[in-house]
Every structure is written in C-alpha cells, then in structure tokens.
Amino acid sequence: MKGRHNLGWTIVAAVAGIVLAALWAAPLLWALSTSLRPEYETISPVFHWLPQHWTLEAYGKVLGAGNVPRWLFNSALVALLVTLVTMAVSLMAAYAFSQMRFRGRDTLFVLAMLAFLLPFEALLVPLFRMMNQLGLINTYAGIVLPQVVSPVVIYVFRQFFDAIPADFREAAVLDGASPWRVLWSVYLPMSGNIVWAMAIVTFIAAWNNFLWPFIIVTSNDMMTIPLGLTQTYDAFGVRYAQLMAAALLGALPVALAYVVFQRRVTHGFLAATGLKG
Amino acid sequence: MTSIHRRRETLPAMLLLAPFLVAFLLFFLVPALQTFWLSLTDSSLTRTSAFVGLANYATLVQDPSFWAALGNTFYFSLLTVVPLTVLGLVMALLVDRFTRAGAWLQGAFFLPFVLPISVMTLIADWMLQPTSGVVNYLLGMQRAWFADVHWAMPMVAIGTIWWTVGFNMLMFLAGLRNIPRELYEAAALDGARGFALFRHITWPQLRPVAWTALVLQLIASLKIFGQTYIMTTGGPYNTTRVTLHYMYETAFTQSDAGYAAAIATAFVIVVVLLSLLQGWIARRVGGRP
C-alpha cells in the first residue's frame, strides 16, 4: 500500500493528523491538569499550563463529601441493570425472530423495527405520565425500564443468528432440547463476540444517558452521574479543580471500557449502524 | 419447516418474545400512540382532559416561540451536519493512512464520543470562562461566549463537534476498509497518484457511507437538547432554545402536556420529512447504490 503514497501527501497528512489529534486531546488534558491543582490556582491571574502544586486534593474532596460517590453508584447500578436486562430480553426475542416459526413473525418484527424511526424524545411526555401513575418517579425501576427496549440490539442479534447454519439447531432439537436450551447452550456460546460488543456499547450508552434520567429523576439521591454533574455548581460552587475532578471521575468507567475493549466498542457501534455484522 | 413444527413453536416463541413485547408495548407503542392522542387534548402533566381536536396545532402554527425554537434547531444543524461529516471523513482518511500512529489517532478522535454529555459541557464551560478560561487566555480576550447572542450557538456547535465527530470517523473508516485493494492497485498501474486516487476510487466507493453519515447526523443534530440546555439553558434571549427544549418547558414547567405533545408530533413530522428529502436528494445525485 505504501506505493500509493507520495512524500508531499504524507507530510500534509502527518501535519494534519498531529494538529487534529492535539486539538482533540487538549480539552481532556486541560481538564486533567486543572483537576490536579489546588483550588486557588484555578482562579490565579497568572496562567500556567501545568499545576504549580500537584495535588489530589480535588479528588479527595469530591469523593469524600457531597453526592458524587452516590451518583457513581447509581450510574453503575443502572448501567449494569440496563445491560443485563437488554441482553436477556434481546437475545430471547432475536432467537424467536430468527429461528422459530410462528404466525405474524414478520409483521411483528417490522413493527418492532419501527421504533428505530420514532425518536425517543417524542415519547417523553406520555412516558413520564405513565411512570408517574405507576409511582416509578425517582426509582431505579423507573430509570431502567424504558431503556431496555432496544430494536437495534435485536436487529444485530437476529442478523447474527440468521447466519448460523440451521443444522446446529436441528441437531439439538432432535436430541430433545427446548428452544431455551438451544439458545443457551448452542447459539449463545457461538455468539460470544457480538454479545460482548453489544453489551459494552449498551453499558456505555446507559452510563451516559442524560435525557431519560433528567426527566424521571428529581431527587438528588437518585441521580446518575451525567445528571448529577449538571448539579455540581450547587454542590461545589464554582470550584473548577473539583468540577474537573468530578467530570473525569464520571468519565472514567466509560473511558476505561473504551480503552480496554477498543475493538469490541468499535465493532459494536459499527454493528449498530448496520455497517458490519 | 413442517406444519407440526409450526404449531409446536408458537407457544415457546411467544414465551421467548414476551419480555420484549411487554416492554415494547408499554415503553414504545402505547406512548407513541398517546403522544398523538394527547396532542388532541387539553391535558396537563398529571390529568387527561377535554378533547380539543386540532386546536393545539392551530395554536402551534401561530406560535412565534415554536418557530423561533425550530429556527434555532435548524441553525444548530446547519452549523454541525456538514462539518461533522466532512471532518469525520478527513479523520478517517488520516487514521487509515498511518499504520501505527493510526491507532493513536483513532483513539484521540473517538474517545470524546464515549464521554457523558455533562463531562463535555463542564469542560467546555471551564475552557470558555470569561476571565479564567484557556480560550480567552489564548485569544487575549475576556469574552463571555455563552452570554453572547452571536457566539453562544457556534460554541455549542463546536463543543458538539469535538464530542461526536469520532462516530462519523468510525463509519467512514469502516467504509474505507471495505474498499477492495485491487481497485487501488489497478488504478496505480494506470498511473493514478495522490488526489486522483481519492477522486476516482475512494470517493465513489465511500459515497453511500457519506450519505448514511449525513442522514444519521441530520437526525442527531435535529434532536439536540442536552448541550444547549446544560451550557446555555436556552439563552441568551432564547437564541439557543431549541425545539425539544421548548417541548420540555411546555410539558414540565408549564404542565401543558397536550401542547407539548403537539410540539413533539410536529417535531417528528419535521424529522421524518427532512430525512425523506435527504434520501430523495441522495437518489437524485446517485449516491446510494
């Protein structure tokens, strides 16, 4: 492939790459640099790129007082529940849509895919009213439940199951295995990669979800971290070292998930847009 | 499949589908129908009241606040859709070009996309502070960017571009890696180099991906709410109050669920119409296979 590159273009590309990468990394590095300062340095009239006194004080304050630990816990619980329930619900539905024969299957599948088209935002008012009637405002169930309907995940799993030769299922059925057993012991083990990819992407999306928790949560104790971070001015006043520390702590789990599982995250997002199965 | 199988499988299939169907019904289908139904009533956030026909829509078409919010939404889309698509393509080309450094570039461009929205907005707010912000330091200014009617929306757009461009980069990268290498080798034998390769091979092959990215980006941009709500709360003077923000205020601060549902329905119609229009243009231009 090197043959198609000439030197001029390589230099242009290298410069553009370095400039863009620096621009894209700068905000996070600047936030990190801010979070490692004592508070007085953030409002100092003399500007420094790096902390003059390196300190973890801001992280200590954020984790030691206020609601940040509670918000992190809520986010972790909600994101895990959303991921587990979405995976279970979607795997079962995708298996039925892909491998089983029943009346109305295709109609039902098309109907489910309609949920792609209608923006979730359009459902907020009736969803809130329903949750209010069910008494689920400010509850974990209220935060989690509407997030488990994921036609995209079902679509991706179904595509994957469709590609598995039917012989596997037929052999298992002949041995007397129930559909549940076939899904659990035959299809699931063959789908490890795609299940992991979708689970990580679902986890990241659930951790980051802002809109629905914003609607359904009013109590400080029940906030997830993306929502809680918008309240931090009230919590800390304008203390930028602490604000940046709280922001980076809120980003840490998803940033780690991305860095550790980079391939699977990439694969999952591409699968969700239908570019790769 | 024999008919015996067909009969046998209906019940187990329904059992497997049941959790999804219940959730789908409760959290999608019923609320979707209710949005439309509510838009024909005078309901509040907690009570369902009188059927008023199309009265909410009659009010809507004459409501300057609605049109202003829709205008702000379009302005944000104008500032983001094309830049995000073009920049995504440029980034993908860069990532694809360098073998080792490419992985680092990809990480740098994509990482912001996985961060929560409030992390992006907090960092943007800190960088754009009038007196202590790094942007003003570099420019030698003391501008309050989010309080400036001319600059508030562009700054929200820049924050959004930083935050989300990685996803478009990823789509283009997948597209680039799907292009058969033989095409380049054949073109190179014919003497094509540099930009000619991009123009005659890469771009024609990528065009379908570019249209997909544009459509997804347009829909995503029209759905803007969190960025402006957190960074500017719709100000200054409502110049960044977008459609979904107006819907949210109508429903949750004024408890006018009927009117909010009408705004939601109108919003869905706008989104669908614009995506159809874009699809139509794509076919006219011959971008889609």
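The values are calculated or read from the model by the stated rules, or taken from the named source; none is laboratory data. Because the structure is a prediction, the values reported are computed rather than measured. All Cβ positions, even for glycine, are placed from backbone atoms using ideal geometry, and neighbour counts span all protein chains on display. These accessible areas exclude ligands, DNA and RNA; they are computed on the full protein's heavy atoms, side chains included. Shrake-Rupley method; radii C 1.70, N 1.55, O 1.52, S 1.80 Å.
In µm²/s, what is D for chain A at 25 °C and 0.890 mPa s, where D = kT/(6 pi eta Rh) by Stokes-Einstein and Rh is the Kirkwood radius from Cα pairs? Can you show the working numbers first?
Numbers: Rh = 22.1 Å.
It diffuses with D of about 111 µm²/s by this estimate.
When the Cα convex hull of segment B:58-127 is projected onto planes of every orientation, the mean area is 7.0 nm². Shielding value for B:38-46 is 2, the average number of Cβ atoms from other chains within 10 Å of each residue's Cβ. Whole-Hz Karplus values for segment B:122-132 come out as 5, 5, 4, 4, 5, 5, 9, 3, x, 9, 9 Hz, taken residue by residue from phi with 6.51 cos²θ - 1.76 cosθ + 1.60 and θ = phi - 60°; glycine and proline positions read x.
Excluding ligands, DNA and RNA, the accessible surface per residue across segment B:75-127 is 35 Å² with a 1.4 Å probe.
Legend: helices of chain A (whole DSSP H runs) are marked when their alpha-carbon atoms reach 27 angstrom or more along the helix axis and their mean Kyte-Doolittle hydropathy is at least 1.0; marked are A:7-35, A:68-99, A:240-260. For the pair B:Leu138 and B:Phe195 in one chain, pulling the backbone fully straight at 0.36 nm per residue adds 17.0 nm over the alpha carbon distance. Computed over segment B:139-289, relative contact order equals 26 percent, with contacts defined as Cα pairs under 8 Å that lie 6+ residues apart. 3J(HN,Hα) along segment B:64-79: x, 5, 5, 5, 5, 5, 5, x, 4, 4, 5, 4, 4, 5, 4, 6 Hz, from the Karplus curve 6.51 cos²θ - 1.76 cosθ + 1.60 with θ = phi - 60°, whole Hz, x for Gly and Pro. For segment A:48-128, the set of chymotrypsin sites (Phe, Trp or Tyr not before Pro) satisfying both a DSSP loop assignment and a count of at most 14 other C-beta atoms within 10 Å is given as A:Trp49, A:Trp54.
In whole percent, what relative contact order does chain B give with Cα contacts below 8 Å and a gap of six or more residues? Don't skip to the answer; put the middle values down first.
Details: 313 pairs, mean separation 80.7, N = 289.
Answer for chain B is 28 percent.
Rounded to the nearest 0.05, what FRET efficiency do A:Leu134 and B:Ala186 give with R0 = 56 Å and r taken as the Cβ-Cβ distance? Could you check? Efficiency, rounded to the nearest 0.05: 0.35. Volume per residue for segment A:81-134 equals 121 cubic angstrom (convex hull of Cα atoms). Every Cα-Cα pair in segment B:154-257 was counted, and those over 19 Å apart are 60% of them. Between A:Arg70 and A:Leu29, what FRET efficiency follows from the Cβ-Cβ distance if R0 is 25 Å, with the result rounded to 0.05? Calculated value: 0.30. Only Cα pairs under 8 Å and at least 6 apart count here; give the relative contact order of chain A as a rounded whole percent. Computed value for chain A: 30 percent relative contact order.
How far, in nm, would the chain grow between A:Thr218 and A:Leu117 when pulled straight, counting 0.36 nm per residue and subtracting the alpha carbon separation? Write out the running numbers ahead of the final one.
Values: separation 101, 0.36 × 101 = 36.36 nm, distance 2.90 nm.
Length gained between A:Thr218 and A:Leu117: 33.5 nm.
At 37 °C and 0.692 mPa s, what whole-number value in µm²/s does Stokes-Einstein give for the translational diffusion of chain B, with Rh from the Kirkwood sum over Cα pairs?
It comes out at roughly 146 µm²/s.
Remark: spin-label model distance B:Thr10-B:Leu276 equals 3.6 nm, labels positioned 7 Å along the Cα→Cβ axis. What translational diffusion coefficient, in µm²/s and rounded to a whole number, does the Stokes-Einstein relation yield for the protein assembly as shown at 20 °C and a viscosity of 1.002 mPa s, taking the hydrodynamic radius as the Kirkwood radius over Cα pairs? Taking Rh from Cα pairs, D becomes 84 µm²/s.
When Rg and the Kirkwood radius Rh are both evaluated on Cα atoms of segment A:95-177, their ratio Rg/Rh stands at 1.13.
Accessible area per residue for chain A is 45 Å², calculated with a 1.4 Å probe on protein heavy atoms, without ligands, DNA or RNA. Surface composition of the protein assembly as shown: carbon and sulfur atoms hold 66% of the protein heavy-atom accessible area at a 1.4 Å probe. Heavy atoms of chains B and A lose about 8300 Å² of accessible surface on contact, summed over both sides with a 1.4 Å probe.
Please express the shape of segment A:83-227 as an equivalent ellipsoid: the semi-axes are the square roots of 5 times the eigenvalues of the C-alpha gyration tensor, given largest first in whole angstrom.
Working: eigenvalues 223, 55, 35 Å².
Semi-axis lengths for segment A:83-227 are 33, 17, 13 Å.
Taking a ≥ b ≥ c as the square roots of the eigenvalues of the alpha-carbon gyration tensor, segment A:1-89 is classed oblate because a/c is 1.5 or more while a/b is no larger than b/c.
Site pair A:Gln159 and B:Val82 shows an inter-label distance of 3.0 nm when each label is modelled 7 Å from Cα along Cα→Cβ. Model label sites at A:Val110 and B:Val285, defined 7 Å from Cα along the beta-carbon direction, differ in position by 3.0 nm.
Given the rule -39500 (n - 2.57) for each run of at least 4 DSSP H residues, summed and divided by the residues of chain B, what is its mean residue ellipticity at 222 nm, to the nearest 500 deg cm²/dmol? Display every interim value, and only then the final one.
Details: 14 runs with 200 residues, N = 289.
Helix contribution divided over all residues of chain B: -22500 deg cm²/dmol.
Just how many % of Cα pairs in segment B:94-153 lie over 16 Å apart, if you round to the nearest whole percent? Write down the numbers at each step before the final one.
Working: 1066 of 1770 pairs.
Counting every Cα pair in segment B:94-153, those more than 16 Å apart make up 60 percent.
Taking a ≥ b ≥ c as the square roots of the eigenvalues of the alpha carbon gyration tensor, segment B:219-267 is oblate, as a/c is not under 1.5 and a/b does not beat b/c.
Run lengths n ≥ 4 of DSSP H only: what is the helix-derived mean residue ellipticity at 222 nm for chain A, with -39500 (n - 2.57) per run over all residues, to the nearest 500?
-21500 deg cm²/dmol
Taking a ≥ b ≥ c as the square roots of the Cα gyration tensor eigenvalues, with a/c under 1.5 meaning rounded and otherwise prolate when a/b beats b/c, else oblate, which class fits segment B:1-130? Judged from the Cα gyration tensor, segment B:1-130 comes out oblate (a/c at least 1.5, b/c at or above a/b). The base-10 log of I(q)/I(0) for segment A:155-224, evaluated at q = 0.25 Å⁻¹, reads -1.08 [Debye formula, identical scatterers on Cα atoms, solvent excluded].
With distances taken between every two different alpha-carbon atoms, segment A:10-55 has a Kirkwood hydrodynamic radius of 12.2 Å. Does any residue of segment A:198-225 lose at least 10 Å² of accessible area with all protein chains in place compared with its chain alone, and if so which ones (probe 1.4 Å)? At a threshold of 10 Å² (probe 1.4 Å), the residues of segment A:198-225 that become less exposed are A:Ile204, A:Asn208, A:Phe210, A:Leu211, A:Phe214, A:Ile215. Can you list the residues, at least 5 places off or on another chain, whose amide H is less than 5 Å from the amide H of B:Thr41, using H built in the peptide plane? For B:Thr41, whose amide H was placed from the backbone, the distant partners under 5 Å are B:Val52.
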